[in-house]
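Colleague: Got a structure here, written out as structure tokens. Questions coming.
Each value in this text was obtained by applying a stated rule to the coordinates, not by laboratory testing. Remember, it's a predicted structure, so these values are computed and weren't measured experimentally. With ideal geometry, Cβ positions are generated from the backbone for all residues, glycine too; neighbour counts draw on all protein chains shown.
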Amino acid sequence: MYNNIYSPWRSPYFSSIDNDICVFCNISKQIFNSNSINYDNNCANNEHNINRYSLPKKYRNIEIEKELYVFYNDSLCFGVMNLYPYTPGHFMLIPHSHVDSPSLLSQEIWLHINGIGQRAIAMLEEYGASGINMGINIRQAAGAGIPKHLHLHFVPRFESDTNFITVIGNTRVYGIEFKLIFDKITKLAEKYLY
Ligand SMILES: [Zn+2]
């Protein structure tokens, strides 16, 4: 396990968490009320229209999203910063549904998340990543941090990665203000993901 010594964001993230509920479900519950939205589920044509899952702003609580470091939120999935980042800008895309494998999602949701993921890669390129690791650990045996709720990792890589990350024992040191990174990603998300 990695212990992150730079973690001022941990308390608001974890303080509201009920021990019995999954961390990601807890975020989902706070940022998306599935009963309040009636999005247009009909495509005008056969092309996948990624924006049809957008949540109108009136159904979102931007303040809570910010508090939880959620930079993207639609009716099928959300994007949140990783609290134990491998590099500055490491985030995850997560379905609102509590499933532990893509095999349990409808193909529609799976394709939608990957469509957002493709845009997220373009977003990280503008963010300044020289390379990107994208990946999923499916269930505990594969090393998933939160094995019961599927999440896709996006890790921007930089030529100078080693300047950002110093490994001291099992502690990763994080040198850049987390909040500033979140603000930058949020701004880029407005341009690329919505
Ligand atoms: Zn969950």
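Colleague: Going through the cross-link list LYS58/LYS148; LYS148/LYS184; LYS29/LYS191; LYS58/LYS179; LYS57/LYS148, which pairs have a Cα-Cα distance over 27 Å in this structure?
Modeller: Those over the limit are LYS58/LYS148; LYS148/LYS184; LYS57/LYS148.
Colleague: Now for a separate question. Return the long-range amide H neighbours of PHE78 (sequence gap of 5 or more, or a different chain), with a cut-off of under 5 Å between placed amide H atoms.
Modeller: Here the answer is ILE94, HIS96, since their amide H atoms fall under 5 Å of that of PHE78.
Colleague: Using the number of other C-beta atoms within 10 angstrom as an exposure proxy, rank LYS191, LYS58 with the fewest first.
Modeller: Listed from fewest to most nearby Cβ atoms, that is LYS58, LYS191.
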